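Asker: Attaching a single structure in structure tokens format; questions to follow.
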Amino acid sequence: MEYDFKEIESKWQRRWKENGTYHVETDPSRPKYYVLDMFPYPSGAGLHVGHPLGYIASDIYSRYKRCCGFNVLHPMGYDAFGLPAEQYAIQTGQHPAVTTEQNIARYREQLDKIGFCFDWDREVRTCDPAYYKWTQWAFLKMFAHYYDNRTQQAEPIEKLVAEFEKNGTADIDAACTTKLDFTAAEWAAKSEAEKEQVLQNYRLAFRADTMVNWCPKLGTVLANDEVKDGLSVRGGYPVVQKRMKQWLLRVTAYAQRMLDGLDDLEWSESLKEIQRNWIGRSVGAQVFFDIDGSDRKLEIFTTRPDTIFGVTFMVIAPEHEWVGELTTAENEKAVEEYIEQTKKRSERERIAETKRVSGVATGSYAVNPFTGKHIPIYVSDYVLAGYGTGAIMAVPAHDSRDYAFARHFGLEIIPVVAGGDIEKESYDAKEGKMINSGFLDGKDVKEAIALMFDEVEKRGLGKRLVNYRLRDAIFSRQRYWGEPFPIRYDGDIARPLDESELPLELPAISEFKPTEQGEPPLARVEGWQYETSTMPGFAGSSAYYLRYMDPHNDKALVSKEADEYWRNVDLYVGGIEHATGHLMYSRFWNMFLYDLGYVCEAEPFRKLVNQGMIQGRSNFVYRVVGTNKFVSLGLRKEYETQEIHVDVNIVKNDILDLDAFRAWRPEFADAEFILEDGRYVCGWAIEKMSKSMYNVVNPDYIVEQYGADTLRMYEMFLGPLEQSKPWDTNGIDGVHKFLRKFWRLCFDREGNFALNDEAPTEKELKTLHKTIKKVREDIENFSFNTSVAAFMICLNELGECRKRGIVEPLTVLIAPFAPHIAEELWSLEGHTTSVCDARYPEYDEKYLVESTFEYPVSVNGKMRFKKQYPLTATAAEISADIVATDEAQKWLEGAAPKKIIVVVGKIINIVK
RNA sequence: GCGGAUAUGGUGUAAUUGGUAGCCACGUCAGACUUAGGAUCUGAUGCCGAGAGGCGUGGGGGUUCGAGUCCCUUUAUCCGCACCA
């Protein structure tokens with residue numbers, strides 16, 4: 001019987017569906033394991049061969065865990081709200097709900113062909129009102145809570161109000177936008193609108209007038225992680241800074257906890273590092289500088305208080321609120337001009353021109369609290385309004401930016417740390433001895449920093465302070481295709497809907513552009529008395545992993561029972577591109593729900609694996625310039641040629657299918673070829689997988705040609721999971737050949753199923769157990785490429801072994817990788833259960849043991865590694881051959897091995 | 001500029017974590033069976049050399065009896081952050 005993968009695969013996919021094979025329920029009698037993939041955004045282009053990489057890996061792991069006795073939750077869904085569907089709607093008038101529905105159907109069809117073990121009964125879609133009800137619910141909870149720095153958690157806003165009524169802000173230590181100061185009496189005197197204004201300063205979901213990333217082309221604001229190099233991540237359109245009233249999430253309140261939480265997560269060091277950088281904690285001091293002729297004190301933040309003696313000027317950001325106040329009459333014109341000029345510069349220009357020094361003096365002076373010197377205050381855009389206090393103390397001798405500025409404006413440069421040559425450049429290193437610094441002279445930098453902290457606090461100049469680079473997340477988008485905010489307005493006061501009013505459904509509209517007045521599309525809806533912006537893409541994806549635990553519950557996001565059983569995600573597989581977006585927001589969202597007691601784990605994703613990107617491998621043909629003749633790769637040097645992308649699907653092993661090429665496009669219908677060895681060889685290059693490069697490989701095509709099991713194994717065989725690599729269909733034959741060989745193992749020459757019950761030999765058992773051990777270890781380490789290789793080696797070693805005692809465990813072993821073929825063989829053997837109900841095979845150590853082992857020995861004074869000893873060899877016998885090095889002696893000392901366990905000639909353990 | 005990662009045959013990769021570098025595949029070459037093969041099977045295949053032999057894990061140096069693996073240095077590529085005080 002031939003290996004008819006089409007027949008086998010459709011048969012088993014149908015059965016799995018009919019029998020609900022992969023349906024999961026909570027089962028307290030069994031240990032749980034939660035394997036999650038980052039759910040896809042269903043785009044119009046469908047899946048290419050790169051998308052399933054992570055899904056296949058997680059599917060193998062899920063099936064493996066299931067065979068190990070775990071109750072495995074492995075769900076899938078769709079991140080269905082988002083910009084592309086809406087952009088498409090604007091162009092075509094097609095409602096996003098319709099295109100999204102179509103795209104989901106297409107995705108599902110593609111996914112089903114690959115044979116995943118998802119529990120589709122738990123599917124979620126973020127655009128489903130029954131789902132986004134809980135996104136809105138979480139938002140309302142955030143609106144109703146603030147973050148108390150003393151209890152280090154979210155608390156009901158009523159607690160804060162009660163505090164205001166009693167003591168005003170006197171005893172408050174809460175996360176806020178700006179520090180407020182008022183008494184109980186002042187609070188009582190405020191109007192309702194004023195009180196709400198104050199509370200917005202503390203709520204975890206709040207509305208504020210802030211500088212935002214505005215993308216005119218997309219007509220919406222964007223969060224920091226949606227902007228890169230001054231361009232929008234989606235679409236690549238310019239982004240400008242603009243002051244607007246927006247909803248925000250106070251993620252900064254959780255900065256420290258999100259930072260601390262990283263330590264215990266099984267994430268890659270590089271991903272943790274990206275998040276640490278994004279949070280950007282820095283420890284420093286807040287210091288107030290007196291301003292000459294004013295009662296005001298200029299507040300700055302510094303991480304180098306040791307260098308205060310070297311401060312020779314101050315700089316404030318152009319957006320600093322005191323710019324007007326600090327500017328003297330004679331400097332007014334120059335300052336105004338400068339600010340006008342910086343406003344015109346886009347974010348992109350500002351980034352591009354970081355080397356250019358610019359600035360202007362305010363005419364005011366501050367006083368260096370340690371030297372007593374009067375120092376000028378400048379305005380310059382190298383100081384950012386958004387970080388620290390938007391003002392700095394400049395130490396040109398020890399900060400390269402201050403140095404460049406001082407050089408440009410001819411300002412004094414005083415070295416206070418010995419070690420550099422300030423004639424040439426600033427000395428930024430945090431090491432050396434202090435000079436020109438009064439009581440700090442002779443001290444080491446580290447020591448000086450500590451002493452200065454104390455001194456600053458003692459003199460009442462300021463205090464220690466921790467600053468974060470992390471910004472609050474802008475949460476509203478001026479778009480249609482997203483979750484509506486459960487907020488209505490009473491004048492300017494935002495009123496939350498009652499929970500019983502949820503979900504607030506997105507109304508149907510037919511025109512998706514912003515209004516003439518530039519308002520979001522929802523402003524077109526007649527009678528819409530709610531907020532007109534919608535929530536951003538990350539809203540729906542922030543808690544979807546919780547919803548999978550209990551997807552049909554209409555009383556709660558997740559029931560206590562389900563949450564306490566499934567707890568959190570044990571293994572999360574997805575791309576690194578979500579490092580500062582989704583993975584930050586999800587952690588914030590989860591910690592918030594944890595504070596409120598709705599979930600029992602503070603961290604949502606315990607272990608995370610980032611699969612690499614699959615790049616495209618493009619093929620080229622070479623047209624002789626001015627003709628319709630195409631010359632093969634090896635001969636192209638002899639002609640003047642033009643390189644043309646050719647569809648990779650009509651090229652095999654870099655050999656062009658000439659007829660297919662002629663049929664590909666009308667202009668090539670009468671193409672002629674200059675061949676080498678009778679074939680046309682194409683050139684190739686690694687590029688991004690995209691339609692325009694004609695290098696997109698569709699998984700459907702691979703499944704059609706080779707079957708899902710081959711696709712699954714080949715994707716794994718391609719290389720280490722976490723590494724980016726190009727897709728190259730060359731080579732898939734090797735994996736397909738292997739599966740055919742595995743299939744034929746069970747049939748005799750006449751094609752009858754022919755497993756026998758003969759007892760396996762020692763050698764065959766050794767091969768089997770070696771493979772079991774290797775494959776199990778590799779799966780645990782996510783080293784799927786080497787486990788596929790192990791299967792191949794196994795078959796090579798076994799030859800034509802048709803013994804049930806060998807083939808049956810191998811079938812179970814291979815099932816996570818190639819489930820269809822495994823199921824078929826399993827059923828032919830007479831098993832009535834599904835192969836996924838079988839226990840994963842254990843290996844028996846005794847089959848791994850050999851009777852001899854090798855040890856490095858000296859032969860004729862030269863080190864060799866050839867000599868074999870019997871297992872019973874004594875230390876004395878071995879030592880006679882060993883060069884008398886310390887290491888060898890140490891190994892022998894008291895180590896006289898009683899038993900040495902050896903795997904195919906290598907020592908794995910010495911039992912004493 | 002700062003931080004992280006990677007570098008091994010013609011190609012994708014492997015190496016029991018300091019112990020015979022190149023497993024397993026692709027490709028290539030030779031052979032078998034075939035009317036035929038994009039089927040199947042067998043063998044060869046790191047480089048130089050006729051051979052003995054020599055060289056070989058981006059480059060240079062070091063530790064070690066022994067280095068792809070550890071240390072120092074350097075180069076290239078990729079990724080993240082970037083006027084963050």
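The values are calculated or read from the model by the stated rules, or taken from the named source; none is laboratory data. Because the structure is predicted, anything quoted here is derived from the model rather than measured. Neighbour counts run over all protein chains shown; Cβ positions are idealised from the backbone, glycine included. With ligands, DNA and RNA removed, areas are computed over all heavy atoms of the protein, side chains included. Shrake-Rupley method; radii C 1.70, N 1.55, O 1.52, S 1.80 Å.
Asker: Is it the case, given these coordinates, that A:Asp444 is at negative phi and modelled with pLDDT under 90?
Answerer: Yes: the conditions hold for A:Asp444.
Asker: Still on this structure: Can you find even one residue in segment A:588-601 that is at pLDDT 95 or above, outside any helix (DSSP H, G or I) and under 22 Å from the mean Cα position of the chain (by Cα)?
Answerer: Yes.
Asker: Here is a further query. Mind checking which residues of segment A:485-505 are closer than 15 Å to A:Thr534 by Cβ, in contact (Cβ under 8 Å) with a residue 60 or more places away in the chain and open to solvent by 30 Å² or more (accessible area, probe 1.4 Å)?
Answerer: A:Pro503, A:Glu505
Asker: Is it true that some residue in segment A:470-478 is more than 14 Å from RNA strand B (Cβ to nearest atom), among the β-branched types (Val, Ile, Thr) and free of Cβ contacts under 8 Å to residues at least 40 places away in the same chain?
Answerer: No, the conditions are met nowhere in segment A:470-478.
Asker: Are there any pairs, at least 6 apart or on different chains, whose C-beta atoms fall under 9 Å, with the first in segment A:776-791 and under 17 Å from A:Val735 (Cβ atoms) and without any contact (Cβ under 8 Å) to a residue 60 or more places away in the chain and the second assigned to a loop (DSSP other than H, G, I, E, B) and near RNA strand B (Cβ under 8 Å from one of its atoms), and if so, which?
Answerer: A:Thr786/A:Pro720
Asker: Consider only pairs whose beta carbons are under 6 Å apart and that are at least six residues apart or on different chains; among these, list those whose first residue lies in segment A:387-403 and is touching a residue at least 24 places away in the same chain (Cβ under 8 Å) and over 24 Å from A:Glu321 (Cβ atoms) and whose second residue is aliphatic (A, V, I, L, M) and in a helix (DSSP H, G or I).
Answerer: Listed pairs, sorted by first residue: A:Pro396/A:Ala406.
Asker: Now for a different question. Considering only segment A:32-49, state which residues are among the small types (Gly, Ala, Ser) and open to solvent by 10 Å² or more (accessible area, probe 1.4 Å).
Answerer: A:Ser43, A:Gly44, A:Ala45
Asker: From A:Lys607, A:Lys637, A:Lys629, which residue is basic (Lys, Arg), over 20 Å from A:Pro75 (Cα atoms) and surrounded by fewer than 15 Cβ atoms within 10 Å (Cβ to Cβ)?
Answerer: Only one candidate qualifies: A:Lys637.
Asker: Of everything in segment A:63-86, what is over 21 Å from the mean Cα position of the chain (by Cα) and in a helix (DSSP H, G or I)? Give them in sequence order.
Answerer: Result: A:Arg63, A:Tyr64, A:Lys65, A:Arg66, A:Cys67, A:Ala85, A:Glu86.
Asker: Restricting attention to helices (runs of 4 or more DSSP H) lying wholly within segment A:662-766, give those where 3 or more residues are open to solvent by 60 Å² or more (accessible area, probe 1.4 Å).
Answerer: Passing ranges, in order: A:699-706, A:732-744.
Asker: A further question on this structure: Does segment A:562-580 contain at least one residue that is in contact (Cβ under 8 Å) with a residue 60 or more places away in the chain, hydroxyl-bearing (Ser, Thr, Tyr) and in contact with a Cys (Cβ under 9 Å, 6 or more places away or on another chain)?
Answerer: no
Residues are listed down the side, and each one gets a yes or a no for (1) among the charged types (D, E, K, R); (2) away from RNA strand B (no atom under 16 Å from the Cβ); (3) within 26 Å of A:Gly388 (Cβ to Cβ); (4) open to solvent by less than 80 Å² (accessible area, probe 1.4 Å):
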position	(1), (2), (3), (4)
A:Trp214	no, yes, yes, yes
A:Val240	no, no, yes, yes
A:Leu262	no, no, yes, yes
A:Leu265	no, no, no, yes
A:Glu269	yes, no, no, no
A:Lys272	yes, no, yes, yes
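Asker: Could you tell me which of the residues A:Asp181, A:Asp209 is closer than 30 Å to A:Ala579 by Cα, surrounded by fewer than 13 Cβ atoms within 10 Å (Cβ to Cβ) and away from RNA strand B (no atom under 16 Å from the Cβ)?
Answerer: Result: A:Asp209 is the single residue among A:Asp181, A:Asp209 that is closer than 30 Å to A:Ala579 by Cα, surrounded by fewer than 13 Cβ atoms within 10 Å (Cβ to Cβ) and away from RNA strand B (no atom under 16 Å from the Cβ).
Asker: Tally the residues that are crowded, with 19+ Cβ neighbours inside 10 Å and over 24 Å from the mean Cα position of the chain (by Cα), restricting the search to segment A:535-556.
Answerer: Total meeting the criteria: 2.
Asker: Where in segment A:343-458 are there helices (runs of 4 or more DSSP H), lying fully within it, with 3 or more residues that are buried (at least 16 other Cβ atoms within 10 Å of the Cβ)?
Answerer: Per the criteria, A:400-409, A:445-458.
Asker: Would a scan of segment A:114-123 turn up a residue that is over 27 Å from the mean Cα position of the chain (by Cα) and either open to solvent by less than 40 Å² (accessible area, probe 1.4 Å) or polar (S, T, N, Q) (or both)?
Answerer: Among the residues of segment A:114-123, not one is over 27 Å from the mean Cα position of the chain (by Cα) and either open to solvent by less than 40 Å² (accessible area, probe 1.4 Å) or polar (S, T, N, Q) (or both), which makes the answer no.
Asker: Taking segment A:314-333 on its own, how many of its residues are surrounded by 15 or more Cβ atoms within 10 Å (Cβ to Cβ) and of a type in the set (Gly, Ala, Ser)?
Answerer: 1
Asker: Counting only residues that are open to solvent by less than 10 Å² (accessible area, probe 1.4 Å) and away from RNA strand B (no atom under 15 Å from the Cβ), which one in segment A:787-808 is nearest to A:Asn752 (Cα to Cα)?
Answerer: It comes out as A:Val807.
Asker: From A:Lys245, A:Lys297, grab the single residue that is away from RNA strand B (no atom under 11 Å from the Cβ), in contact (Cβ under 8 Å) with a residue 12 or more places away in the chain, more than 18 Å from the chain's Cα centre (by Cα) and surrounded by fewer than 19 Cβ atoms within 10 Å (Cβ to Cβ).
Answerer: A:Lys245
Asker: For segment A:573-587, give me each residue that is within 16 Å of RNA strand B (Cβ to nearest atom) and assigned to a helix (DSSP H, G or I).
Answerer: Listed by number, the residues that qualify are A:Ile576, A:Glu577, A:His578, A:His582, A:Leu583, A:Met584, A:Tyr585.
Asker: Pairs needed: first member in segment A:260-272, free of Cβ contacts under 8 Å to residues at least 12 places away in the same chain; second member anywhere, outside any loop (DSSP other than H, G, I, E, B); C-beta distance under 7 Å; at least 6 residues apart or different chains.
Answerer: A:Lys272/A:Leu262
Asker: If you check A:Phe288 against the conditions, is it open to solvent by 10 Å² or more (accessible area, probe 1.4 Å) and under 20 Å from A:Thr178 (Cβ atoms)?
Answerer: yes
Asker: Considering only residues of segment A:186-206 that are open to solvent by 40 Å² or more (accessible area, probe 1.4 Å) and touching a strand residue (DSSP E or B) at 6+ places or on another chain (Cβ under 8 Å), which is nearest to RNA strand B (Cβ to nearest atom)?
Answerer: The selected residue is A:Ala193.
Asker: Follow-up question, since we're still on this one. Tell me, please, whether a residue that is farther than 27 Å from A:Arg469 by Cβ and modelled with pLDDT under 90 can be found in segment A:409-418.
Answerer: yes
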